[in-house]
Amino acid sequence: MIFKPLDALVVICTIVVITIFFINTLNNSNSSSFVKIEVVGREYLYPLDKDEDYTFHGEIGDTTVRVLDNTAKIIESPCSNKTCIKIGEISKSGQSSACLPNRILISIVGDHDNEVDAITF
């Protein structure tokens, strides 16, 4: 098989397009995400990249949310079944966790709202 000059142009263009795609993907992975915490009708927004514990007073007591390593989770709650604690960490935009008896909802919001789950070639 003999390569012609037009074949080399197609290969170069393909490499350029793939490089631009991967650079764009890497730049988007550093975008900011936030944890939105809704407590009895009020909303709070905190950066997901700042490690800290936040305590909120809900309908039946205090619930503590831990933000650590770009994840968020409920670590303490006064509810009886502790399902909100068992859910564990959330980290991707669109994920949420809730303590329904205490009326507290945490969710991840940010630039990755239309994030692709997998890429197939």
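Residues are listed down the side, and each one gets a yes or a no for (1) at pLDDT below 95; (2) in contact with a Gly (Cβ under 8 Å, 6 or more places away or on another chain); (3) aliphatic (A, V, I, L, M):
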| position | (1), (2), (3) |
| --- | --- |
| 42 | yes, no, no |
| 47 | yes, no, no |
| 50 | yes, no, no |
| 54 | no, no, no |
| 59 | yes, no, no |
| 64 | no, no, no |
| 71 | yes, no, no |
| 75 | no, no, yes |
| 79 | yes, no, no |
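For residue 64, the test of being under 22 Å from the mean Cα position of the chain (by Cα), surrounded by fewer than 16 Cβ atoms within 10 Å (Cβ to Cβ) and within 13 Å of residue 106 (Cβ to Cβ) is passed. Residues considered: 33, 96. Of these, the only one that is modelled with pLDDT under 90 and either buried (at least 16 other Cβ atoms within 10 Å of the Cβ) or among the small types (Gly, Ala, Ser) (or both) is 33. Whenever a residue of the stretch 95-109 is over 14 Å from residue 55 (Cα atoms), its partners that are of a type in the set (A, V, I, L, M, F, W, C) and in a loop (DSSP other than H, G, I, E, B), lying with C-beta atoms within less than 6 angstrom and at least six residues away or across chains, give the pairs 97/87; 101/60; 101/79.
The values are calculated or read from the model by the stated rules, or taken from the named source; none is laboratory data. Keep in mind that this is a model prediction, so the values were computed, not measured. Virtual Cβ from ideal backbone geometry, glycine too; neighbours counted across all protein chains shown.
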